[in-house]
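Some notes on the structure that comes next.
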Amino acid sequence: MKLSKIASMLIIAGTITACGGNNIEVTPSASVNLLPEYQDRLDIYKTVTLTADLSHLSANQKKMLSLLIEASDIIDDLFWQQAFGQDKTSFLASISDEKVREFARINYGPWDRLNGDKAFLTNTATKNHGAQFYPSDMSKAEFEKATFDDKNGLYSLVLRNKNGGLSTIAFSEAYSDEINRIAVILEKAATFADDKEFANYLNMRAKAIRNDDFQASDFAWMDMKNNPIDIVIGPIETYEDQLFGYRAAFESYVLIKDMSWSEKLAKYAAFLPELQRGLPVSKKYKAEVPGSDADLNAYDVIYYAGHANAGGKTIAINLPNDEQVQLEKGTRRLQLKNAMRAKFDAIMSPIAETLIVPEQRKNVTFTAFFANTMFHEVAHGLGIKNTINDKGSVRQSLKEHASALEEGKADILGLYMIRQLLAKNVITEGTLEDYYTTFLTGIFRSVRFGASSAHGKANMVRFNYFAEHEAFSRNEQGLYSVNVEKMTAAIDSLSELILTLQGNGDYDGVDKLVAKSGVINSSLAADLASLETAKIPVDITFKQGKKVLGLN
């Protein structure tokens with residue numbers, strides 16, 4: 001990889017640590033070793049081959065897929081820079097043990113993403129909460145007092161300039177070489193697109209990546225309806241920025257749309273406005289009207305890159321994140337069906353056999369797992385995006401807690417939606433007990449993602465809240481059972497609490513909630529340990545790429 005412009009600028013300024021890195025001195029000849037306590041964690045990921053049926057695609061569409069994967073590979077390199085900062089090739093070459101090297105590749109660095117970002121290699125500094133987005137010697141107080149352009153920007157890095165102050169540089173300038181190559185590939189891919197709307201989106205996304213302005217391409221993406229191939233690409237989610245939650249990380253998913261499954265899901269989006277009105281919270285916290293143009297679709301994902309591929313793997317997506325696009329168009333909810341099925345078979349079913357009482361194990365079903373995951377994404381469109389007291393957007397007001405609380409909101413309102421749609425006979429498969437029991441089993445799965453994950457924090461808060469309200473019980477054998485009536489009451493009260501915290505932009509309130517409930521107690525720790533003893537994978541990783549798919 002060529003030296004990026006950001007590195008060149010920092011060298012000139014004499015501030016090579018200004019990008020926020022811990023800058024472990026690693027060369028191919030200087031080996032690093034696994035910490036002894038990590039020997040038993042190297043097998044927490046089950047390898048799954050990521051394939052899909054491409055036989056219905058044209059020759060041009062297959063050429064386009066190859067190009068989209070090539071663009072995704074560059075995205076992957078960019079995320080390595082944002083997450084770790086060191087040269088990926090020399091870092092991985094410094095690890096002599098093949099199994100340890102693979103674990104480092106999955107984690108995009110020497111920190112275990114599913115164990116609170118703890119270091120698993122020798123001679124490794126603590127990971128910066130701001131990853132590589134901020135100077136390593138910058139405190140939160142210094143940042144908050146400083147005044148400089150694009151301070152809270154999604155698409156820029158914060159640097160310490162030669163005068164010792166703070167400034168920013170746009171992603172498009174900091175990573176100009178990689179950005180230009182991605183844009184050129186997307187433009188070439190557009191020439192092979194059979195769907196004109198998708199070709200337009202690829203060209204607009206190329207322009208967006210070049211100029212750090214993504215809103216127009218987000219609108220174009222929402223307007224696409226018939227494209228059998230899709231790609232989610234760019235700096236998108238802010239989870240990697242655990243300092244403030246302001247800055248977006250590069251990621252990509254290459255997707256094949258399942259048209260028949262997508263048709264089944266389309267009917268649910270029409271209920272969003274009605275469900276928003278019925279939320280169990282005061283009217284002022286549900287005054288926003290979700291876009292009615294939102295859609296639900298099922299996909300087979302054929303390639304993950306960057307943040308999407310780091311540690312735990314996403315099985316559903318809700319985008320765009322732009323609040324204005326959401327209010328005008330809603331969002332698109334993408335259910336990654338093949339990845340979801342792999343997780344259910346490898347993880348959810350074995351967890352149910354280990355931790356759920358025998359009489360409720362039958363209630364843990366793939367239908368409920370799919371629906372819970374899908375309505376989690378749908379529920380991101382409900383609630384409130386902007387505070388009611390002029391504190392700005394919820395995301396800006398709640399800072400580093402915004403992502404965890406939003407994930408908690410989506411989980412809890414997803415269950416609220418399922419309950420309402422079951423009562424209306426819109427959902428006709430399964431029982432409320434199925435969805436609740438599968439949801440509880442899913443908490444055990446997600447809590448294992450660790451405290452550094454927004455989803456993990458959200459699950460810990462919810463698990464402890466449910467325990468307080470007796471939504472489930474645990475017997476002497478350590479097996480859990482759901483109380484449907486008390487679970488329903490807990491869902492409504494937690495929904496009200498989360499929506500109120502968001503609407504008020506109550507940073508201190510969320511901080512106290514996470515400090516109190518975002519922890520794993522001793523009995524839960526013992527139960528999670530039993531999953532390790534049973535050798536149940538924590539997550540999956542992929543064998544993927546053009547060769548796996550039979551593409552040239």
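All but one of (1) of a type in the set (D, E, K, R); (2) buried (at least 20 other Cβ atoms within 10 Å of the Cβ); (3) at pLDDT 90 or above hold for GLU470, so report the exception by its number. Against the list (1) of a type in the set (D, E, K, R); (2) buried (at least 20 other Cβ atoms within 10 Å of the Cβ); (3) at pLDDT 90 or above, GLU470 comes up short only on (2). Scan region 241-295 for residues that are surrounded by 14 or more Cβ atoms within 10 Å (Cβ to Cβ), at pLDDT 80 or above and acidic (Asp, Glu) and report the count. Qualifying residue count, region 241-295: 4.
Only residues that are over 11 Å from ALA71 (Cα atoms) and touching a Lys or Arg at 6+ places or on another chain (Cβ under 7 Å): list them for region 177-199, please. So that I can check it myself, show each step before the final result.
Initially, region 177-199 is screened for residues over 11 Å from ALA71 (Cα atoms), giving 177, 190-199.
Those that are over 11 Å from ALA71 (Cα atoms) and touching a Lys or Arg at 6+ places or on another chain (Cβ under 7 Å): ASP177, PHE192.
Among the residues making up region 85-95, none is crowded, with 22+ Cβ neighbours inside 10 Å and among the basic types (Lys, Arg).
If I ask for residues that are out of contact with any Pro (no Cβ under 7 Å at 6 or more places or on another chain) and either surrounded by 21 or more Cβ atoms within 10 Å (Cβ to Cβ) or closer than 12 Å to LEU68 by Cβ (or both), which ones from region 208-220 would you list?
Within region 208-220, ALA208, ILE209, PHE214, SER217 meet the criteria.
In region 254-306, which residue that is outside any helix (DSSP H, G or I) and of a type in the set (Asp, Glu) is nearest to ASN389 (Cα to Cα)? Checked region 254-306; the qualifying residue nearest to ASN389 (Cα to Cα) is GLU288. Here region 382-411 is the region considered, the condition is being within 19 Å of LEU275 (Cβ to Cβ) and within 17 Å of the chain's Cα centre (by Cα), and the residue that is surrounded by the most Cβ atoms within 10 Å (Cβ to Cβ) is GLY408.
Name the residue, out of ALA346, ALA368, ALA410, that is in a helix (DSSP H, G or I), more than 18 Å from GLN324 (Cβ to Cβ) and in contact with an Asp or Glu (Cβ under 6 Å, 6 or more places away or on another chain).
Going through ALA346, ALA368, ALA410 in turn, the sole match is ALA368.
In this structure, is VAL48 part of a strand (DSSP E or B) and surrounded by 17 or more Cβ atoms within 10 Å (Cβ to Cβ)? I'd like the intermediate steps shown before the answer.
Working: part of a strand (DSSP E or B): yes; surrounded by 17 or more Cβ atoms within 10 Å (Cβ to Cβ): yes.
Criteria met by VAL48.
Residues of region 159-181 that are closer than 25 Å to LYS145 by Cβ and in contact (Cβ under 8 Å) with a residue 40 or more places away in the chain: LEU159, ARG160, ASN161, LYS162, ILE169, ALA170, PHE171, ALA174.
Would it be correct to say that GLU496 is within 30 Å of LYS284 (Cα to Cα), touching a residue at least 40 places away in the same chain (Cβ under 8 Å) and in contact with a Pro (Cβ under 6 Å, 6 or more places away or on another chain)? Reasoning before the result, please.
Details: within 30 Å of LYS284 (Cα to Cα): yes; touching a residue at least 40 places away in the same chain (Cβ under 8 Å): yes; in contact with a Pro (Cβ under 6 Å, 6 or more places away or on another chain): yes.
Taking the combined requirement at face value, the residue satisfies it.
For ASP117, the criteria (1) without any contact (Cβ under 8 Å) to a residue 60 or more places away in the chain; (2) surrounded by 14 or more Cβ atoms within 10 Å (Cβ to Cβ); (3) under 30 Å from GLY164 (Cα atoms) hold in every case but one, which is (1). Within region 212-229, residues that are free of Cβ contacts under 8 Å to residues at least 12 places away in the same chain reach partners that are part of a loop (DSSP other than H, G, I, E, B) with beta carbons closer than 9 Å, at six or more positions or on different chains, in the pairs ASP213/TYR155.
Identify the residue in region 88-130 that is touching a strand residue (DSSP E or B) at 6+ places or on another chain (Cβ under 6 Å) and in a helix (DSSP H, G or I) and, among all such residues, is farthest from PRO537 (Cα to Cα). First the steps, then the outcome.
Narrowing region 88-130 to residues touching a strand residue (DSSP E or B) at 6+ places or on another chain (Cβ under 6 Å): 100, 106, 110-112, 117-120, 127.
With the extra rule that they be in a helix (DSSP H, G or I), the set shrinks to 100, 106.
Working: VAL100: 17, ILE106: 14 Å.
Out of the qualifying residues, it is VAL100.
In the set (1) outside any helix (DSSP H, G or I); (2) under 30 Å from LYS62 (Cβ atoms); (3) not hydroxyl-bearing (Ser, Thr, Tyr), ILE536 fails one condition alone, (2). Looking at the structure I just gave you, is SER8 in a loop (DSSP other than H, G, I, E, B) and at pLDDT below 95? So SER8 fails the test.
Only residues that are buried (at least 22 other Cβ atoms within 10 Å of the Cβ) and in a loop (DSSP other than H, G, I, E, B) were counted in region 58-84, giving 1.
Determine which single condition TYR436 fails, assuming it passes every other condition in (1) surrounded by fewer than 17 Cβ atoms within 10 Å (Cβ to Cβ); (2) under 27 Å from GLY311 (Cα atoms). For TYR436, the exception is condition (1).
Looking across LYS188, LYS162, LYS145, one residue alone is modelled with pLDDT under 95 and of a type outside the set (A, V, I, L, M, F, W, C). It is LYS162.
Filtering ALA423, ALA368, ALA379 for residues that are surrounded by fewer than 21 Cβ atoms within 10 Å (Cβ to Cβ) and of a type in the set (Gly, Ala, Ser) leaves a single hit, ALA423.
Scanning region 488-524 for residues that are modelled with pLDDT under 90 and not in a helix (DSSP H, G or I), we see that the one that is surrounded by the most Cβ atoms within 10 Å (Cβ to Cβ) is GLY518. Quick test of your reading of the structure: GLN335 fulfils all but one of (1) of a type outside the set (Lys, Arg); (2) touching a residue at least 60 places away in the same chain (Cβ under 8 Å); (3) assigned to a helix (DSSP H, G or I). Name the failing condition by number. All conditions are met except number (3). Tell me yes or no: at least one residue of region 305-320 is modelled with pLDDT under 85 and on the phi > 0 side of the Ramachandran plot. No, region 305-320 contains no residue that is modelled with pLDDT under 85 and on the phi > 0 side of the Ramachandran plot.
For region 182-207, a residue qualifies if it is closer than 18 Å to GLU251 by Cβ, surrounded by fewer than 23 Cβ atoms within 10 Å (Cβ to Cβ) and either of a type in the set (Ser, Thr, Tyr) or without any contact (Cβ under 8 Å) to a residue 60 or more places away in the chain (or both), and exactly one does: ALA183.
The set of residues in region 307-332 that are among the small types (Gly, Ala, Ser) and part of a loop (DSSP other than H, G, I, E, B) comprises ALA310, GLY311, GLY312, GLY330. Restricting region 497-552 to residues that are under 18 Å from ASP112 (Cβ atoms) and of a type in the set (Asp, Glu), the residue that is farthest from the chain's Cα centre (by Cα) is GLU532. Sort out which residues of region 465-487 are assigned to a helix (DSSP H, G or I), closer than 20 Å to ILE520 by Cβ and of a type in the set (D, E, K, R), and write them in order of number. Answer for region 465-487, where residues must be assigned to a helix (DSSP H, G or I), closer than 20 Å to ILE520 by Cβ and of a type in the set (D, E, K, R): just GLU468.
The values are calculated or read from the model by the stated rules, or taken from the named source; none is laboratory data. Computed from a prediction, not measured in an experiment: that's the story for all the values here. Neighbour counts are summed over all protein chains in view; Cβ atoms, including those assigned to glycine, are modelled from backbone coordinates with ideal geometry.
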